[in-house]
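Since every read-out is calculated from the coordinates, none of them should be taken as a lab result. In this text, all values refer to a predicted model and were calculated from it rather than measured experimentally. Every residue, glycine among them, receives a Cβ derived from its backbone with ideal geometry; neighbour counts consider all protein chains shown.
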Amino acid sequence: MKIAVMGAGAVGCYYGGMLGRAGHDVTLIGRQAHVDAMRNGGLRIESKAFDARVPVQASTRADGVRGAKLVLFCVKSSDTESAGRDMAAHLDAGALVLNLQNGVDNAERLQPLLRQRVAPAVVYVATEMAGPGHVRHHGRGELVVAPEVASRELKDMFGGAGVPLQVSENVAGALWMKLIVNCAYNALSAITQLPYGRLVQGEGIEAVMREVTDECLALARALGVQVPGDAHEAVRQIARTMPTQHSSTAQDLARGKRTEIDHLNGFVVRKAEPLGIAAPVNRTLHALVKLMETR
């Protein structure tokens with residue numbers, strides 16, 4: 001299958017690289033330094049299981065999506081509309097756009113800009129860009145999609161690439177569960193620059209995470225969202241399954257880049273306020289990260 005990745009950062013490079021390693025025709029659309037490295041030496045994927053260079057196509061232009069039957073949309077949440085408009089004229093009529101972004105409303109924001117179907121996917125993977133054209137995988141890697149998206153072709157394609165594709169009748173709830181996990185970890189990891197396993201050992205940190213989670217759950221209930229399972233246990237489990245991972249927010253801050261915090265803790269604050277729901281811990285974490293972005 002011909003596949004394009006719009007936004008070839010850590011998440012996009014990992015999934016695009018795994019599909020390319022399985023023999024699919026993959027084009028990664030990203031920043032110039034990464035594109036130059038991938039054109040010269042392929043995409044390097046470094047994981048516990050293997051360290052390989054994968055031949056891929058690479059481009060800095062949105063027209064790199066042309067001809068793709070599947071587009072993995074992985075840009076930063078703040079770039080959703082601009083990237084969607086850039087690629088709209090180049091998409092094949094029958095392309096499926098799989099949204100792999102953080103946050104819960106990106107697919108809804110992207111869909112009005114495109115004639116093609118946009119399907120949300122929940123992403124659980126620990127990755128980082130270790131250098132230009134070099135993605136490092138720390139753990140996990142599953143995607144969660146709705147039953148109507150999980151065609152036999154798609155399941156076989158991802159499964160053959162070593163990417164588990166899970167099916168859920170409640171993708172909206174699963175997206176909220178991921179939002180809760182991100183709200184609990186991302187800002188704290190960014191502020192401290194600590195990986196998850198070390199972070200949760202800090203005095204009082206588990207209590208802070210519980211309070212963040214409770215605020216998110218109160219908002220979800222008010223909005224009529226059914227969050228599946230035990231959110232508090234899901235938060236605790238992340239530190240066990242991804243102990244060496246720094247959050248994407250931490251990675252952005254360390255590189256002097258704008259974070260996605262407005263679409264994580266900031267999203268909770270914006271949605272909670274008009275409903276009269278208190279979210280003081282999310283507000284504090286959001287404010288601190290925004291302040292650190294100005295350094």
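What the phi angles of region 199-211 give under the Karplus curve with 6.51, -1.76 and 1.60, with θ = phi - 60°, is a coupling list of 4, 5, 7, x, 4, x, 5, 4, 5, 4, 5, 4, 5 Hz, glycine and proline written as x. Take the alpha carbon gyration tensor of region 228-290, find the square roots of its eigenvalues, order them as a ≥ b ≥ c, and report rounded if a/c is under 1.5; if not, report prolate when a/b exceeds b/c, else oblate. Oblate. Within the same chain, lysines fewer than 8 places from Lys155 are excluded, and of the rest, those with a Cα less than 23 Å from its Cα are Lys2, Lys69, Lys178. When Rg and Dmax are taken over the Cα atoms of the chain, they come to 18.3, 54 Å.
Residues considered: Thr27, Thr80, Thr127. Largest GNM mean-square fluctuation over the chain, using C-alpha springs under 10 Å, is found at Thr80.
Distance between the 7 Å Cα→Cβ label points at Arg140 and Gln237: 0.9 nm.
Here is the size of region 35-104 from its Cα atoms: Rg then Dmax, 14.1, 39 Å. When restricted to Cα atoms, region 1-54 yields an Rg and a Dmax of 10.3, 29 Å, respectively. When the chain is treated as a GNM with alpha-carbon contacts under 10 Å, the residue of Asn99, Asn170, Asn40 showing the greatest mean-square fluctuation is Asn40.
The translational diffusion coefficient of region 115-163, from Stokes-Einstein at 37 °C and 0.692 mPa s with a Kirkwood hydrodynamic radius over alpha carbon pairs, comes to 259 µm²/s. Computed from the Cβ-Cβ distance with R0 of 30 Å, the FRET efficiency linking Lys48 to Glu273 stands at 0.10. Fully extending the segment from Asp230 to Thr284, taken as 0.36 nm per residue of separation minus the present Cα-Cα distance, adds 17.0 nm. A Gaussian network model of the chain, with springs between Cα atoms under 10 Å, assigns the largest mean-square fluctuation among His34, His138, His90 to His90. The per residue volume of the convex hull around the alpha-carbon atoms of region 186-295 is 95 Å³. When only Cα pairs below 8 angstrom with a gap of at least 6 residues are kept, the chain shows a relative contact order of 15 percent. Remark on Ala58: its backbone amide H falls under 5 Å from those of Leu28, a criterion applied only to residues 5 or more positions apart or on other chains, H modelled at 1.01 Å from N.
Residue by residue, region 218-230 carries 3J(HN,Hα) couplings of 4, 5, 4, 4, 5, 8, x, 8, 8, 7, x, x, 9 Hz when phi is fed to the Karplus relation 6.51 cos²θ - 1.76 cosθ + 1.60 (θ = phi - 60°); x denotes Gly or Pro. Kindly express, to the nearest 10 degrees and within the range 0 to 90, the angle between helix 10-21's C-alpha long axis and the longest C-alpha principal axis of the chain. With rounding to tens, the tilt is 30 degrees. Computed over region 83-133, the quotient of the alpha carbon radius of gyration and 2.2 N^0.38 Å is 1.32.
Note on region 1-132: semi-axes of the ellipsoid equivalent to its C-alpha gyration tensor, largest first and rounded to whole Å, are 23, 16, 13. Evaluating 6.51 cos²θ - 1.76 cosθ + 1.60 at θ = phi - 60° for every residue in region 173-179, the Karplus couplings come out as x, 5, 5, 5, 4, 5, 4 Hz, glycine and proline recorded as x.
Tell me which residues come under 5 Å, amide H to amide H, from Glu142 once H is placed; ignore anything under 5 positions away on its chain. Hits under the 5 Å cutoff: Tyr124. Sorted from greatest to least, the principal axis extents spanned by the alpha carbons of region 198-237 come out as 34, 16, 9 Å. Centre-to-centre, using Cα atoms only, region 203-240 and region 48-109 are separated by 29 Å. Scaled against 2.2 N^0.38 Å for its residue count N, the alpha carbon radius of gyration of region 73-200 is 1.13.
Available extension along the chain between Leu223 and Asn40 is 61.0 nm, counting 0.36 nm per residue and deducting the alpha carbon span.
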